[in-house]
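The structure under discussion appears below in the form of structure tokens.
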Amino acid sequence: MKTEQFRNLISLFEARDPNITYQNNAGEVVAQLKSYNSQVYTKLAQKIERIEQLESEVKALKDQVKQDTRENIADLFDAEDAVNTRVVETISVVFTLSKDPKATEAPKYKEILTALEAHLTPELILVLEELKKKMVTVTQKQPSLKYRPVTEGVGSLFAKLKSVVYNWAQRYDQKLAQLKSQAGIA
């Protein structure tokens, strides 16, 4: 079996793309993409960024419209009406603004348990620790996805573009000169 055929056979069984450079660091593996593959992921990052921007704009707009609507409805009623549900009827829509809610109070269970532990007997502390181990909620989350743009100076970006254009132009001139010499054009 030839070496090239053997390499092709190995690449069929490997999960990694042989055209991509991989770098193993402590606790992470980095795939370094170039050319088309890099462009695909750059476009994905741009889409994610645009979606996040649109989501925040829509959320801010939604919150603003709801707050304006609450204020407009409240302006139609007296201050003492805040303890009642307020309804506004128009020809095409009915708005219902609930009575002003009371402030909610929620116990701080972690702080309560910490304070309680100081007053428990050693036997009850063991029971408490055992309950903490048993009464656990397990939630499987998706791996986090973060992205950040590579901060590359604008000057170096233009230098790369200039280099690519000059290299292409040089090759083009060489091919043109070769074609002219073959055609006998001076």
query: Nearest 20 debye, what's the magnitude of the dipole of the chain about its Cα centre given +1 on Lys and Arg Cβ and -1 on Asp and Glu Cβ?
result: 1680
message: Connecting C-alpha atoms closer than 10 Å in a GNM of the chain, tell me which of Asp17, Asp100, Asp68 has the biggest fluctuation.
response: Asp17
- request: Using Cα pairs closer than 8 Å and at least 6 residues apart in sequence, work out the relative contact order for the chain, in percent.
  value: 7
On Cα atoms only, tilt of 3-13 relative to the major axis of the chain in degrees: 10
statement: Projected onto the charge dipole of the chain (unit charges on the beta-carbon of Lys, Arg, Asp and Glu, signs +1, +1, -1, -1), the Cα from Gln64, Gly27, Gln174 with the largest positive-side position is that of Gln174
Segment Gln140-Lys102, length gained on full extension (0.36 nm per residue, minus Cα span): 10.2 nm
query: Hey, what angle do you get for helix 122-134 against the long axis of the chain, alpha-carbon based, 0 to 90 degrees rounded to 10?
result: 50
- request: Place +1 on the Cβ of every Lys and Arg and -1 on the Cβ of every Asp and Glu in the chain, take the dipole about the Cα centre, and give the residue among His119, Ser163, Thr42 whose Cα lies farthest towards its positive end.
  value: Ser163
message: For a quick check, take a GNM of the chain with Cα springs below 10 Å and name the residue from Ala74, Ala60, Ala31 with the largest mean-square fluctuation.
response: Ala31
message: Starting from the 7 Å offset along Cα-to-Cβ, what nm value, one decimal, do you get for the label separation of Lys132 and Lys66?
response: 3.6
query: Among Leu97, Leu33, Leu176, whose mean-square fluctuation peaks in a Gaussian network model of the chain (Cα, cutoff 10 Å)?
result: Leu176
task: Any chance you could give the angle, 0 to 90 degrees and rounded to 10, that helix 35-75 forms with the longest Cα principal axis of the chain?
output: 30
- line: Taking Lys and Arg as +1 and Asp and Glu as -1, residues besides Ala169 with C-beta under 12 Å from its C-beta add up to +2
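Bear in mind that the values in this text are calculations on the coordinates, not laboratory data. Please read these numbers as outputs of a predicted model, since none were measured by experiment. Neighbour counts are summed over all protein chains in view; Cβ atoms, including those assigned to glycine, are modelled from backbone coordinates with ideal geometry.
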